[in-house]
Amino acid sequence: MDKVAVVILNWNGKEIIDTFLPSVIEHSQNATIYVADNASTDDSVSFIQQNYPSVKLILNDINHGYANGYNTALKQIKAEYYILLNSDVEVTRNWIDPIIQIMDEDRSIAASQPKILSYKAKDQFEYAGAAGGFIDKDGFMFCRGRMFDHYENDHGQYDGVAEIFWATGACLFIRAELFHDIGGLDEDFFAHMEEIDVCWRLKNQGNKIYFNSNSVVYHLGGGTLSNTNPQKTYLNFRNNLYLLTKNYNQGNFVLKLFYRLILDGIAGLKFMFDLHPRHSFAVLHAHFSFYRRFPKFYRKRISIQKNVKQKHVSGLYKKSVVFEYFLFGKKNFSDLKPEDFTI
């Protein structure tokens, strides 16, 4: 069994693999590196075989998407720790050991992430994870170092080891046993926010999620879907509703969901007023898809909630980050008061 397995999901990413895989090989001497290929139609597989023979290949039969692709691959890998690593991430020297050391010392830490900086602007935090993820009372996600579309430059302001609410799927360290115990990634998400769902389920079971700045990686981002793609808007809005339905337990779920639907409607109107009608229709499409699948996700909610071990979870922002950002101009995570987070 491997101590640490670095697992990279690939689909038609030959150029990305050629750019970023060398850094992973160079700086991951104490780990086994796997590429799980989602039935690529380019020559990714033969390219890896010819140029990176030390990398182990897992060949999925079809393009399963992010969640199912990883679930299928990880069932075939025996390890103590998985590192789910996006194919467009450049890692740095000693990126694995600081996180594994802390997780070895504290068994209550179920998952962790490094500092995520932008590959294109290496002094700036990157969208997917930055210095650790959080969630507000209405289910909106944000990060230390990235609030909505505002990115902070990294001045060491979030350096250290700290508990967070969720760790990014761009570079997710997770205990393999716990990953399988909770059923892995929810394949109904297909892509986007499934790692947040995993982290929330882990926290509801009494586990901790951590950030560790002693490990640093650089993420290109937008490799699957860019922020300008309406499909990403659809997945983000739909999956956020899935996320709340399954995991929210901080009050009246029905009222919370109704309030969130109103907020999403406002967002859809804003897209229309900003002359982005395709994104507005993507929000509408997300809602109809959610309504259609609500019975299925409500059954998931019942199954999850009856087994919750810890209803009071740390790292939840007790106010609306939407109001704080758009109405009160709080653009940086440091502008939010620590006492407004659950501990």
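Just so it is clear, none of the values below were taken in a lab; they were calculated from the coordinates. Everything numeric here is computed off the predicted structure, so don't read it as measured data. All Cβ positions, even for glycine, are placed from backbone atoms using ideal geometry, and neighbour counts span all protein chains on display.
Considering all C-alpha pairs of the range 47-198, those separated by over 18 Å amount to 62%.
Where both residues lie in the chain, what percent of DSSP beta bridges are antiparallel, nearest 5? Rounded to the nearest five, the antiparallel share is 45 percent. For the options Y210, Y127, Y298, a Gaussian network treatment of the chain with springs between C-alpha atoms closer than 10 Å singles out Y298 as fluctuating the most. If a spin label sat at a point 7 angstrom from the Cα of E26 along the line to its beta carbon, the backbone N atoms of the range 119-150 nearer than 19 Å would be those of 119-123. In the chain, the calculated helix contribution to ellipticity at 222 nm averages -12000 deg cm²/dmol per residue, counting -39,500 (n - 2.57) for every DSSP H run with n ≥ 4. Charging the Cβ of each Asp and Glu at -1 and of each Lys and Arg at +1, and nothing else, the dipole of the range 230-310 about its Cα centre rounds to 500 debye. The calculated Kirkwood hydrodynamic radius for the range 230-310 is 13.3 Å, given to one decimal from all distinct C-alpha pairs. Stokes-Einstein, applied to the Kirkwood radius of the range 152-258 over Cα pairs at a viscosity of 0.692 mPa s and 37 °C, places its translational diffusion at 209 µm² s⁻¹. What does the charge dipole of the range 192-343 about its Cα centre add up to, to the nearest 20 debye, if the Cβ of each Lys and Arg holds +1 and the Cβ of each Asp and Glu holds -1? For the range 192-343, the charge dipole is close to 720 debye. Taking 26 Å as the limit for the C-alpha separation, the pairs K208/K337; K78/K232; K75/K120; K115/K300 exceed it in the case of K78/K232; K75/K120; K115/K300. Across the options P114, A130, N236, the greatest Cα extent toward the positive end of the charge dipole of the chain (unit charges at beta carbon of Lys, Arg, Asp, Glu) belongs to N236.
Only Lys, Arg, Asp and Glu carry charge here, each on its Cβ (+1 for the first two, -1 for the last two); on that basis the chain has a dipole of about 1540 debye about its Cα centre.
Exposed loop sites are taken as trypsin sites (Lys or Arg not before Pro) in a DSSP loop (any state but H, G, I, E or B) with at most 12 other beta carbon atoms within 10 Å; the longest stretch of the chain without one runs 123-305.
Taking E26, E194, E90 in turn, the Gaussian network model of the chain (Cα-Cα springs below 10 Å) assigns the largest fluctuation to E26. The residue among N51, A5, N38 whose Cα reaches farthest toward the positive pole of the charge dipole of the range 2-219, with charges on the beta-carbon of Lys, Arg, Asp and Glu, is A5. For the range 160-210, the Cα gyration tensor yields ellipsoid semi-axes of 17, 13, 10 Å (square root of five times each eigenvalue, largest first, whole Å).
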